Amino acid sequence: MIIPFVLLAIGLALVVKGADFLVNGASSLAKRLAVPEIVIGLTIVSIGTSLPELATSAVAALKKRCDLAVGNVVGSNIFNILLILGVSAGISPVRYAVVFNIDLYIFGLGILLLFTAMFTGKTRKLDRWEALILLITYIGYMVYIILRK
């Protein structure tokens, strides 16, 4: 009965330490390459922290558990925005920079695209061509981030 709690505690400790390694490594990489930390945060760190969601959602989609795939992504974003950002700002105030404006517009566009795709059409599902639009939008955003540095 106690083993799951021990494993949970060990897993949580490893996640916290892994996050520490990720932040320190990304910051060090940004400094060595003279890349602004915001670019590293919006690319390498965000991709690295989203890989578990990608793996979970891909497996769920392959198993035809689409509700789980969508719920995982939407839930993760809500969790990150409301809880993680809230706790982080509670620990140390988070400054807002004007450079985030375009990123927030892209975030809003992504939400709008997903909402439109999920609630239009007869099947009310995210089709492959709609997924392609989301992927192209993401690739365009990554190119923009790299070029704006």
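The values are calculated or read from the model by the stated rules, or taken from the named source; none is laboratory data. Everything numeric here is computed off the predicted structure, so don't read it as measured data. Cβ: placed from backbone, ideal geometry, glycine included. Neighbour counts: every protein chain shown.
The residues of the range 107-140 that are in contact (Cβ under 8 Å) with a residue 24 or more places away in the chain and not in a helix (DSSP H, G or I), listed by number, are 125, 126. Does residue 146 satisfy the criteria of being modelled with pLDDT of 85 or more and of a type outside the set (Phe, Trp, Tyr)? For residue 146, the condition - modelled with pLDDT of 85 or more and of a type outside the set (Phe, Trp, Tyr) - is not met. Output the number of residues of the range 119-134 satisfying the condition of being surrounded by 11 or more Cβ atoms within 10 Å (Cβ to Cβ) and either modelled with pLDDT under 85 or touching a Cys at 6+ places or on another chain (Cβ under 6 Å) (or both). Counting residues in the range 119-134 that are surrounded by 11 or more Cβ atoms within 10 Å (Cβ to Cβ) and either modelled with pLDDT under 85 or touching a Cys at 6+ places or on another chain (Cβ under 6 Å) (or both) gives 4. Tallying residues that are among the aliphatic types (A, V, I, L, M) and under 16 Å from residue 57 (Cβ atoms) within the range 125-149 yields 4.
Anything in the range 32-48 that is touching a residue at least 60 places away in the same chain (Cβ under 8 Å) and of a type in the set (Val, Ile, Thr)? List them, or say none. 35, 38, 39, 43, listed by residue number.
Entry remark, the range 30-43: residues being hydrophobic (A, V, I, L, M, F, W, C) and surrounded by fewer than 14 Cβ atoms within 10 Å (Cβ to Cβ) number 2 in total. Taking the conditions exactly as written (free of Cβ contacts under 8 Å to residues at least 40 places away in the same chain, exposed (fewer than 10 other Cβ atoms within 10 Å of the Cβ) and farther than 16 Å from residue 114 by Cβ), does residue 94 satisfy them or not? Answer is no for this residue.
The listed residues are 99, 15, and the only one of them that is of a type in the set (A, V, I, L, M), modelled with pLDDT under 80, surrounded by 10 or more Cβ atoms within 10 Å (Cβ to Cβ) and more than 17 Å from the chain's Cα centre (by Cα) turns out to be 99. Looking only at residues in the range 44-70 that are surrounded by 14 or more Cβ atoms within 10 Å (Cβ to Cβ) and either in contact with an Asp or Glu (Cβ under 7 Å, 6 or more places away or on another chain) or farther than 17 Å from residue 19 by Cβ (or both), the one that is modelled with the lowest pLDDT is 56.
Within the range 71-106, restricting attention to residues that are part of a loop (DSSP other than H, G, I, E, B) and aliphatic (A, V, I, L, M), which residue is farthest from residue 20 (Cα to Cα)? The qualifying residue farthest from residue 20 (Cα to Cα) is 97. The residue list 74, 143, 87, 99 contains one member that is touching a residue at least 60 places away in the same chain (Cβ under 8 Å) and of a type in the set (A, V, I, L, M), which is 99.
Looking only at residues in the range 18-52 that are among the polar types (S, T, N, Q) and under 16 Å from the mean Cα position of the chain (by Cα), the one that is nearest to residue 71 (Cα to Cα) is 50. Residue 48 - would you say it is assigned to a helix (DSSP H, G or I), more than 18 Å from residue 137 (Cα to Cα) and small (Gly, Ala, Ser)? Yes: the conditions hold for residue 48.
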